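Asks: The following block contains the structure, expressed as structure tokens.
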Amino acid sequence: MTDIFDQFGINAGYVEELHTRWLQSPQSVDEGWRLFFQGRLEAQPAAPLPLAVQNVLLADTTSRNGNGWLASASPALVAPALYHDTVHESVIAATELQSRVAQLVNAYRVRGHAFADVDPLGNPQQAPPELELASFGLAEGDLDKSFSTAGMSGLPERATLRQIIAHLSETYCSSIGVEFTHIEEPEPRLWLQERMESTRNHASLDHTELLRILTKLTEAEIFEQFIHKNYVGARRFSLEGAESVIPMVDLLIEAAVQHGIEELVIGMAHRGRLNLLANVLGKKVREIFAAFDDKRPERFLGGGDVKYHLGYSSDVVTQSGRALHLSMAFNPSHLEFVNPVVEGRVRAKIDRRKRKSTMALLIHGDAAFMGQGVVPETLNLSRLEGYTTGGTLHLVVNNQIGFTTLPVDQRSTRYCTDVARMLRVPVFHVNGEDPEAVIQVTRLAIAFRQRFKQDVVIDMFCYRKYGHNEGDEPRFTQPVMYALIDKKPSVRAVYVARLVQAGHITREEADAIAQERRSTLEHALEEARQGDFNQMPEAMGGVWASYRGGPDASVPDVRTAFPKEKLLEAIDRLTTIPPGFHPNPKALKIIEQRRERAHAGQPLDWGTAEHLAFASLLLEGHGIRFSGQDVRRGTFSHRHAVLFDSETGEPYAPLAHLGDGGDAQANEARRTPVGRFEIYDSPLSEAGVLGFEYGYSLDRPDKLVIWEAQFGDFVNSAQVLIDQFIASAEDKWGRLSGLVLLLPHGFEGQGPEHSSARVERFLQISAEDNIQVCNLTTPAQFFHVLRRQVKRIWRKPLVVFTPKWLLRAPEAVSLLDELATGSFQRVIADESVDPAKVRRILLCCGKVFYDLAAERGRRKIDDIAIVRLEQIYPLSGALAKVLAPYRAGTPVVWVQEEPRNMGPWYFLNARRADLLADRHPLSLVSRPESASPATGSKAAHDLEQRLLLDQSFGD
Ligand SMILES: Cc1ncc(C[n+]2csc(CCOP(=O)(O)OP(=O)(O)O)c2C)c(N)n1
Ligand SMILES: [Mg+2]
């Protein structure tokens, strides 16, 4: 049949699909198609289509056969063609009419959402010209003619056009508008279509379920009203106008459990957060009220967070009796940045517990979802091997306004969710004033996610009863919108009226539910006023129970050496290539050299030390997860953690095979299983990927989790993650992370953008021992610092400014013995000079050490010491100890390559007394102040470098 399909051009795939259907059941396709497949009809050019129909066709032709519109058009349209010859004229006429109906059916599927009644503030639905009969060459007179309903669900085999339209209109144009015909694969598209058409997109709900929706709506409304009355003018970011969120998430929990989900991680912003915490997660209301009362300032001096950013977790017992663990992620004000963090957490939970199923629920605002770049960065992770979490459920609380900004000024797209169309997943637009429709899309969404493991988006249209917060006046900017909102009865009131009218409940019953809720809140308020409930977030338990935060000095350092024979054994394994694998010869040479040098006792480079740090941790049972742009090979070609077969392109990661083969007895004898090694080249995203890895580290303190920037400067694309999460999470939320950031840094004449990872910024946010900041000079130090990060029970993010040319510099090397002994040195003393003779101490970190050492050698100087500050933060007594042998008063000169206003200078100078124990004067050698980190001229760079050295050694 190939030739026959080919004549349909871009629709060939679709016709093939129809043919398969016809083979299975001839009646399942239109008569025209039956005749065609029987060979009794030929496809020929058709008359031009009415303009509106062509528009519909154009509206969704995103894929070869992904066009829902065409899904039941007859050959006449698909070719496009008309039929004649062997069949009678009247069959042609009937076929043609049927095909026009088919066009109409598909127009509803493709475009119905544009005319759905989803906006509680909107005008009544207009008759859409695109869906009018005339657009399809149909007329009033055809309404009562009978047509085949093949390909539709929920109707008898034949129905009148009138019935068909009523069915479609209810399914696609009432309180739910669905975008789904852009999904490319036929299976999910048809799956959804069948489910929606067979139910006319209505949830079937029994009396108990209706009452539950009402109860949840009531709880939502009364909660807001109660706070409004008792805490006048206080910010709570009311959910009023969007109360359906509460029954929605409540139902989601029930449905999730039925689908076998055991844990839900929720990321959301301010709007309605307190309401959800109280009415879904079961946070004690008295604690929320106590936070409004804010009576214990002494507990929060300089720390903690506002109440609507706090996280929470609980076990909720569902109606089925099964429990679901719910975690609401701590969240900064910066909208949407919590998304990748939640995804990373979910991935970590999935990785940790294998069989158990965890899902992310991200609740967004309409303005933020469309406006923030981290949204597509996160969406883009959803189907990537290293980052997928099996599908996220997105709920956009679309109150049709930002702070004061309306959609017309917010976006160039039709919907605030259009950014999610890039994933080709279903987007449900739903009227938030119709809670039952919200329930219907929620059920569809979770069933879809479970079945197809993809993201799903619910765009819940609603409104915002007050201003951005309760003290804000929305009528300055939206007088007309708010005149409309002021007149609206509440979502609950609308629902009560509907239930009463349908005879499901009486008004008295509805009032009783509200009254009961009010009394509960009254009681909680009394409790709050009598007890002591305004607490800092709870200390961490569970997987975090054996780890510590707090001051550096409160947790001992650890030995990080690893036995030499085991290192040699590891390097042998790492350099053993499986039979039949053809590595790139250059890469092979690099890794073979690693083995040879290690065995010969020759110095090892950075890449080797890194591999050995990883291997040693894996052998001790620790997992490693490493991601960033091009990290598998390494931007500077120094890593080669993954080799690629020269013939097949297949990857092979030796570190992931450390436990393979070998002596079976030895493997057996090994008490701890070898840890899992994962390394992923990430998308070209900083905020999204760093957020993901940070989130991952929150749930896997046992693992070494690393993110590497391509060049260090790119880290500022993820500044929000650094300021709002990595640096401050312990202070605000009591949450720890052992994440490692590797940031290539160093002035090598490559220009303004490839020199500086902005050391100064990290140091500015260094306080309370919140992070560790290191700029190292040897591979051994790198080995030990990576191992320390896992072996020590102290969990703090570690920022390592990593080298570029030092990766290959013959002087920046370490012996295997240095890995097999000792531990990380925060400061490296200068043992090459006699302290008694020293007249000046140069203090530095990172690469400039080698420039200084070389210059000192050239000048044959023996009375200037060079001391390396390997860990710049937290500062410790280590420097004072190293300086102790020098005479008090010996000048210390901080030498940095960075301009004066960058690098560690300002930070260190401000702490000079502590740093030098008041024994030495401190001065600076650096590049002059500069607005950009480095020059674009290599020659100018060299000149500057020379001046730096002259100043360091000159008198
Ligand atoms: C990144 C960022 N920029 C600006 C703000 C300030 N801000 C807080 S809420 C808000 C409006 C958000 O609108 P939307 O996303 O629609 O949520 P809504 O408040 O309407 O629920 C703005 C601009 C912020 N929190 N985060
Ligand atoms: Mg909004």
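Asks: Running Debye on the range 329-379 with equal point scatterers at the Cα sites and no solvent, what base-10 log of I(q)/I(0) appears at q = 0.21 Å⁻¹?
Replies: -0.74
Asks: Would you mind getting me the FRET efficiency between K284 and A93? Use the beta-carbon distance for r and R0 = 51 Å, nearest 0.05.
Replies: Numbers: r = 71 Å, r/R0 = 1.39.
My answer for the efficiency is 0.10.
Asks: Would you tally the net charge around S823, using a Cβ to Cβ cut-off of less than 11 Å, leaving S823 out, and scoring K and R as +1, D and E as -1?
Replies: With Lys, Arg at +1 and Asp, Glu at -1, the net is +4.
Asks: If R₀ is 51 angstrom, what is the calculated FRET efficiency for the pair Q530 and W805, using the beta carbon separation as r and rounding to 0.05? Write out the running numbers ahead of the final one.
Replies: Details: r = 66 Å, r/R0 = 1.30.
For R0 = 51 Å, the calculated efficiency reads 0.15.
Asks: Considering only DSSP beta bridges where both residues belong to the chain, give the percentage that are antiparallel (nearest 5).
Replies: Once the DSSP bridges in the chain are tallied, antiparallel ones form about 25 percent.
Asks: Could you state the number of Å between the C-alpha centres of the range 602-655 and the range 735-798?
Replies: Cα centroid of the range 735-798 versus Cα centroid of the range 602-655: 19 Å apart.
Asks: Could you give the longest part of the chain that holds none of the trypsin sites (Lys or Arg not before Pro) found in DSSP loops with at most 10 neighbouring Cβ atoms within 10 Å?
Replies: Values: sites that count: K354, R355, R671, K860.
Result, exposed sites excluded: 1-353.
Asks: Sort the following peptides by mean Cβ neighbour count (other Cβ atoms within 10 Å, averaged over residues), highest first: 777-785, 929-937.
Replies: Details: 777-785: 26.2, 929-937: 15.0.
Going from most to least packed, we get 777-785, 929-937.
Asks: Of D455, D702, which has the most accessible area with a 1.4 Å probe, and how do the rest follow in descending order?
Replies: D702, D455
Asks: Distance between the C-alpha centers of the range 432-489 and the range 243-269? Whole Å please.
Replies: 16 Å
Asks: Something else: Using 0.36 nm per residue, how much length does the chain from D681 to R158 gain when fully extended, once their Cα-Cα distance is taken away?
Replies: Using 0.36 nm per residue and subtracting the Cα-Cα distance, I get 182.9 nm.
Asks: Alpha carbon centre of the range 821-896 versus the range 506-576: separation in Å?
Replies: 42 Å
Asks: Ok, one more. Please give, to one decimal in nm, the separation of the simple spin-label points placed at V558 and K860, each 7 Å out from Cα toward the Cβ.
Replies: 4.9 nm
Asks: Please work out the FRET efficiency for the pair Q719 and A767, using the Cβ-Cβ distance as r and a Förster radius of 22 Å; give the result to the nearest 0.05.
Replies: 0.80
Asks: With a point put 7 Å past each Cα toward its Cβ, work out how far V317 is from D472 in nm, to one decimal.
Replies: The two pseudo-label positions are separated by 4.0 nm.
Asks: Something else about it: Could you tell me, in Å, what Rg and Dmax come out for the Cα atoms of the range 257-310?
Replies: Every Cα atom of the range 257-310 included, Rg and Dmax give 14.1, 46 Å.
Asks: Next question. Can you give the extra length, in nm with one decimal, that the chain gains between S333 and R34 once fully stretched, where that is 0.36 nm per residue apart less the Cα-Cα distance?
Replies: Length difference between fully extended and current span is 101.6 nm.
Asks: What does the helix-only formula give at 222 nm for the chain: each DSSP H stretch with n ≥ 4 adding -39500 (n - 2.57), the total divided by the residues, and the result rounded to the nearest 500 deg cm²/dmol?
Replies: Calculated from helices alone, the mean residue ellipticity at 222 nm is -11500 deg cm²/dmol.
Asks: Shifting gears a bit: Beyond a 19 Å Cα-Cα separation, which of these cross-linked pairs lie in this structure: K564/K796; K229/K465; K356/K796; K284/K356?
Replies: Cα-Cα > 19 Å for K564/K796; K356/K796; K284/K356; rest within.
Asks: Could you state, as a whole-number percent, how many of the C-alpha pairs of the range 228-321 are farther apart than 23 Å?
Replies: The share of Cα pairs beyond 23 Å in the range 228-321 comes to 32 percent.
Asks: Please turn the phi angles of the range 823-829 into ³J(HN,Hα) values with the Karplus equation 6.51 cos²θ - 1.76 cosθ + 1.60 (θ = phi - 60°), one per residue in order, whole Hz, x for glycine and proline.
Replies: For the range 823-829, the Karplus-derived couplings read 7, 5, 9, 5, 9, 10, 6 Hz, x marking Gly and Pro.
Asks: Then there's this: Note the direction-averaged projected area, equal to a quarter of the hull surface, for the Cα convex hull of the chain, in nm². Walk me through the intermediate numbers first.
Replies: Numbers: hull surface 188.1 nm².
For the Cα atoms of the chain, the hull's average projected area reads 47.0 nm².
Asks: Give me the distance in nm between label points sitting 7 Å out from Cα along the Cα-to-Cβ direction at E569 and D144, one decimal.
Replies: Computed distance between label sites E569 and D144 equals 9.0 nm.
Asks: Check cross-link reach from K938 to the lysines: straight Cα distance under 22 Å, and skip same-chain residues fewer than eight apart.
Replies: K804, K847
Asks: May I ask you to rank M460, M536 by accessible area, largest first, using a 1.4 Å probe over the protein chains only?
Replies: Putting M460, M536 in descending order of accessible area: M536, M460.
Asks: Right, here's the next one. Taking a probe of 1.4 angstrom, what is the accessible area of E569 in Å², to the nearest 10?
Replies: The accessible area of E569 comes to roughly 100 Å².
Asks: For the range 782-897, what is the Kirkwood estimate of the hydrodynamic radius, computed as the reciprocal of the mean inverse distance between distinct Cα atoms, to one decimal in Å?
Replies: 15.6 Å
Asks: Still on this structure: Holding the Cα-Cα limit at 23 Å, pick out from K566/K703; K216/K354; K349/K703; K216/K488 the pairs that are longer than that.
Replies: Listed pairs above 23 Å: K216/K354.
Asks: Still on this structure, I have one more. How many Å³ per residue does the convex hull of the Cα positions in the range 516-590 occupy? Let's see the in-between values first.
Replies: On the way: hull volume 22.4 nm³, N = 75.
Value for the range 516-590: 299 Å³ per residue.
Asks: Quick one: of the DSSP bridges fully inside the range 307-436, what percent are antiparallel, nearest 5?
Replies: About 50 percent, rounded to the nearest 5.
Asks: With a cut-off of 8 Å between alpha carbons and a minimum separation of six or more residues, what is the relative contact order of the chain in percent?
Replies: 9 percent
Asks: Taking H as built 1.01 Å from N, whose amide H comes closer than 5 Å to the amide H of S682, not counting residues under 5 places away?
Replies: Distant-sequence amide H within range of S682: G628, Q629, D630, V631.
Asks: Dipole size in debye (nearest 20) for the chain around its Cα centre, Lys and Arg Cβ +1, Asp and Glu Cβ -1? Please list the in-between numbers first.
Replies: Values: 106 positive and 122 negative charges, 562 e Å.
It works out to roughly 2700 debye.
Asks: Per residue, how large is the accessible surface of the range 279-386? Use a 1.4 angstrom probe and give square angstrom. Don't skip to the answer; put the middle values down first.
Replies: Numbers: 4290 Å² over 108 residues.
Counting only protein heavy atoms, the per-residue value for the range 279-386 is 40 Å².
Asks: Using Cα-Cα distances under 8 Å and only pairs 6 or more residues apart, what relative contact order does the range 722-775 have, in percent?
Replies: The normalised contact order for the range 722-775 reaches 36 percent.
The values are calculated or read from the model by the stated rules, or taken from the named source; none is laboratory data. Computed from a predicted structure; not experimentally measured. Counting neighbours? That spans all protein chains shown, and the Cβs are built from the backbone with ideal geometry, glycine included. Side chains included, ligands, DNA and RNA excluded: accessible areas come from the protein's heavy atoms. Shrake-Rupley method; radii C 1.70, N 1.55, O 1.52, S 1.80 Å.
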